[in-house]
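Everything below concerns the one structure shown next.
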Amino acid sequence: MFSLFYGFYKYLTKKDEYFVLILGLDNAGKTTYLEQAKIKYSQNLNKSNLHRVTTTVGMNIGSIIIGPSKLNFWDLGGQEELQSLWDKYYSEAHAIIYVIDSSDTQRLTESKNAFKKIIQNHLINNLPIMILLNKQDLKDCLSLIQIRNEFNSLTSNLLINQHKFFSISAINGEGIKESINWLMDQMIKNIDLKPPLNSQ
Ligand code: G3D
């Protein structure tokens, strides 16, 4: 009898696991985005966690549950010497989030170059790519249209439905749910090419 109930319990709690990389230059707001996502999708975390965010050095890991799916985020360090490690994670990933600091016009070219390297790698072919224009709360930040135009020469090589730009403010939590919902939908649509792992 116990094994019957245990089997049923296991069936109910089984999750489809997806792995999502959060990439972008250091200071773009990757860790803040991850912390906000955890807050938005969990009742146990509160905003005070945001004050403890420090720039990503190495890797931060976090996960959220959305219905029958578990999204595991790998927030990788964006410093130049750490960017060479990003491609080690591509084969495991189901999607990529690329975070840009919209207020940092001086580093936009550097960010474009880092993004170019990502999309040139064949391992990310067919993966959904979400480009987050962060820090939209700051005055004088670049708009979605301005950054999209800047990145157009690169994103024109991607399939239309494969990528999307979102204006967000990770610190205020604006755009977090909309962006994650889009990513979730894309990963589900992509299930034949990149199936999730099943786990407990
Ligand atoms: P990283 O993980 O990409 O390196 P962090 O970046 O998440 O550590 O963020 C770097 C800095 O940007 C942090 O400030 C953080 O509070 C700030 N930040 C992140 N998102 C936003 C945003 O949407 N708006 C604004 N105004 N700031 C943001 P500090 O001062 O701690 O370095």
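Does the range 127-200 classify as rounded, prolate or oblate by the C-alpha gyration tensor (a ≥ b ≥ c root eigenvalues; a/c under 1.5 gives rounded; else a/b over b/c gives prolate, otherwise oblate)? Spell out each step's value before the answer.
Values: a/c = 3.69, a/b = 1.47, b/c = 2.52.
Here the range 127-200 falls in the oblate category.
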Fill in the blank from the handout: Spelling it out for His94: with amide H atoms placed in the peptide plane at 1.01 Å from N, the residues 5 or more places away or on another chain with amide H under 5 Å from its amide H are Phe19, Val20, Leu21
Practice task
Would you mind working out the accessible area per residue for the chain, using a 1.4 Å probe, and quoting it in Å²?
Solution key: 54 Å²
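Pairs Lys15/Lys189; Lys30/Lys189; Lys70/Lys116: which are spaced more than 27 Å apart, C-alpha to C-alpha?
Distance filter (> 27 Å) returns Lys70/Lys116.
What order, most packed first, do the peptides 185-195, 75-85 have when packing is the mean number of other Cβ atoms within 10 Å of each residue? Walk me through the numbers before you get to the answer.
Working: 185-195: 13.7, 75-85: 16.2.
Highest mean packing first, the order is 75-85, 185-195.
In the chain, carbon and sulfur make up what percent of the accessible area (probe 1.4 Å)? Mind showing how you got there, number by number?
Values: 5630 of 10860 Å².
Reported share for carbon and sulfur atoms: 52 percent.
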Exercise for the section: Determine which aspartates and glutamates satisfy two conditions relative to Lys139: a Cα distance under 14 Å, and not lying fewer than 8 residues away in the same chain. Expected result: Asp101, Asp104
Completion exercise
Gyration tensor (Cα only) of the chain to equivalent ellipsoid, semi-axes in Å sorted down, yields 30, 20, 15
Fill in the blank from the handout: Contact order relative to length for the chain, counting C-alpha pairs under 8 Å separated by 6 or more residues, stands in percent at 26 percent
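The values are calculated or read from the model by the stated rules, or taken from the named source; none is laboratory data. Predicted, not measured: the structure shown is a model, and the values here were computed from it. When we count neighbours, we look across all protein chains shown, and the Cβ atoms used for this are built from the backbone with ideal geometry, even at glycine. When the accessible area is computed, the model is the full protein with side chains, heavy atoms only, and any ligands, DNA or RNA have been set aside. Shrake-Rupley method; radii C 1.70, N 1.55, O 1.52, S 1.80 Å.
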